[in-house]
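Q: I have a structure here, written as structure tokens, and I will follow up with some questions on it.
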Amino acid sequence: MTNSLSDLKLSIERVAASQERPNSDDARRTFFQFRDALTSGTIRAAEKTGKRWIVNGWVKRGILLGFRLGELREMPDGDVLSFVDKDTFPARRLTLADRVRVVPGGSSIREGAYVAPSVICMPPMFINVGAYVDEGSMIDSHALVGSCAQIGKRVHLSAAAQIGGVLEPINASPVIIEDDVLVGGNCGVYEGTLVRARAVLGSGTILTRSTPLYDLVRGEIYRASAERALEVPENAVVVPGSRAVKRGKGVPDDWNISLYTPVIVKYRDEKTEGGIELEEWLR
């Protein structure tokens, strides 16, 4: 970390530690410097070191500080639409220089979210504060990238995919989607789940801390623990499945009850590649 970023970290932690609401001009100047660094991708809520992801708790403190500092403001958008939100986190005004495609139709990206050049945003979609979306990714219609979520390169979040956000607790890991992952339509990835590179989530797959993931290929069950979130292996192809549960007392014998369970049915192969190669044409 450079000296300037170390100084920024110390300043954010000092102001955030104050028990009183910090409304001074100095506090706001410090926050806006921090927000600019978030928007530019200079700092981020989580970073990869080797195979491990490290949470930057001070970054999340800085985002929470922005909500403390912010004042409610009317934010008109033309003659029809209007919004009321904290003035510390307005919607981003992208320009041609950002090299991000935002197709017309009601999408919104908040200040404090990094969106790399060559990202495609299909309407309507939303990217929240603290999120990091890397190069070549596509955020499809009705998709959400939650606060502090980390999205890798060339990821496709299909229509209505929901990538959950997290701000508290400070040390909680955000949802992380690594490079070249395909997230199918109506998927939901929540509670710090880590989806490793090149995985494929079939439409309707839901991943949380409380849902075990069954690997049909390797005969293993992956679960979250108190120390780490659920992790989807590299190249895994995951689809919605179910597992049988014992019937309770009084439940009729012909009621075959099951619970939802995501299942790894295969790992990426040439057939999988052929099914998703069309993605490149969209970019």
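Q: Expressed in nm to one decimal, what extension gain is obtained for the pair E168 and D25 from 0.36 nm per residue of sequence separation less their Cα-Cα distance?
A: 48.9 nm
Q: Now for a separate question. With θ set to phi - 60° and the Karplus curve 6.51 cos²θ - 1.76 cosθ + 1.60, what are the ³J(HN,Hα) couplings of region 57-74 in order, to the nearest whole Hz, using x for Gly and Pro?
A: x, 5, 5, 5, 4, x, 5, 4, 4, x, 5, 5, 6, x, 10, 5, 9, 6
Q: Using a 1.4 Å probe, how large is the accessible area of S258, given in Å² and rounded to the nearest 10?
A: Probe radius 1.4 Å; accessible area of S258 about 60 Å².
Q: Given a Förster distance of 51 angstrom, what is the FRET efficiency for Q33 paired with V103, based on the Cβ-Cβ distance and rounded to 0.05?
A: Given R0 = 51 Å and the Cβ-Cβ separation, E is 0.95.
Q: What angle do you read, to the nearest 10 degrees and between 0 and 90, between the alpha-carbon axis of helix 25-40 and the longest principal axis of the chain?
A: It works out to around 40 degrees.
Q: For region 1-94, what class follows from the C-alpha gyration tensor (a ≥ b ≥ c being the square roots of its eigenvalues): rounded when a/c is under 1.5, otherwise prolate if a/b is larger than b/c, else oblate?
A: Here region 1-94 falls in the oblate category.
Q: With all protein chains present and a 1.4 Å probe, how do W53, W58 order by accessible area, largest first?
A: Numbers: W53 60, W58 15 Å².
Solvent-accessible surface, decreasing: W53, W58.
Q: Taking a ≥ b ≥ c as the square roots of the eigenvalues of the Cα gyration tensor of region 34-171, is the shape rounded (a/c under 1.5), prolate (a/b larger than b/c) or oblate?
A: Oblate, because a/c is 1.5 or more while a/b does not exceed b/c.
Q: Let me ask something additional. Determine the shape class of region 48-98: with a ≥ b ≥ c the square roots of the Cα gyration tensor eigenvalues, call it rounded for a/c under 1.5, and otherwise prolate if a/b is greater than b/c, oblate otherwise. Don't jump to the answer; show the numbers that get you there.
A: Values: a/c = 3.99, a/b = 1.70, b/c = 2.35.
Taking the square roots of the gyration eigenvalues as a ≥ b ≥ c, region 48-98 is oblate.
Q: Which pairs in the list K48/K153; K9/K48; K48/K266; K86/K153 are over 24 Å apart, alpha-carbon to alpha-carbon?
A: On the way: K48/K153 13 Å; K9/K48 19 Å; K48/K266 26 Å; K86/K153 30 Å.
Violating the 24 Å Cα-Cα cut-off are K48/K266; K86/K153.
Q: For a quick check: with amide H placed at 1.01 Å from N, whose amide H comes under 5 Å from I43's, ignoring anything fewer than 5 positions away on the same chain?
A: So I43 has HN proximity to L38.
Q: Further question: Can you give me the Cα centroid spacing of region 243-265 and region 1-46 in angstrom?
A: 50
Q: Still on this model: S203: accessible area at probe 1.4 Å, nearest 10 Å²?
A: Roll a 1.4 Å probe over it and S203 shows about 80 Å².
Q: When Lys and Arg each count +1 and Asp and Glu each count -1, what net charge do the other residues less than 11 Å away from R110, Cβ to Cβ, add up to?
A: +1
Q: Taking a label point 7 Å from the Cα of F83 along the Cα→Cβ vector, which residues of region 20-52 have an amide N closer than 19 Å to it?
A: Counting only backbone N, you get 32, 35-41.
Q: Positive end of the charge dipole of the chain (Lys, Arg +1 and Asp, Glu -1 on Cβ, about the Cα centre): tell me which of L144, L194, T42 has its Cα farthest that way.
A: So the residue we want is L194.
Q: Now for a different question. Can you give me the accessible area per residue for the chain, using a 1.4 Å probe, in Å²?
A: For the chain, the per-residue accessible area is 52 Å².
Q: For the residue pair S4 and W255, what label-to-label distance in nm results when each label sits 7 Å from Cα along the Cα-to-beta-carbon direction?
A: 6.4
Q: Charges at C-beta only: +1 for Lys and Arg, -1 for Asp and Glu. How large is the resulting dipole of region 82-144 about its Cα centre, in Debye rounded to 20? It would help to have the intermediate numbers written out before the result.
A: Working: 6 positive and 7 negative charges, 25 e Å.
My answer is approximately 120 debye.
The values are calculated or read from the model by the stated rules, or taken from the named source; none is laboratory data. Keep in mind the model is a prediction, meaning the values are calculated, not measured. Please note: Cβ atoms are built from the backbone with ideal geometry, for glycine as well, and neighbour counts cover all protein chains shown. The area values use the complete protein model at the heavy-atom level, side chains included, leaving out ligands, DNA and RNA. Shrake-Rupley method; radii C 1.70, N 1.55, O 1.52, S 1.80 Å.
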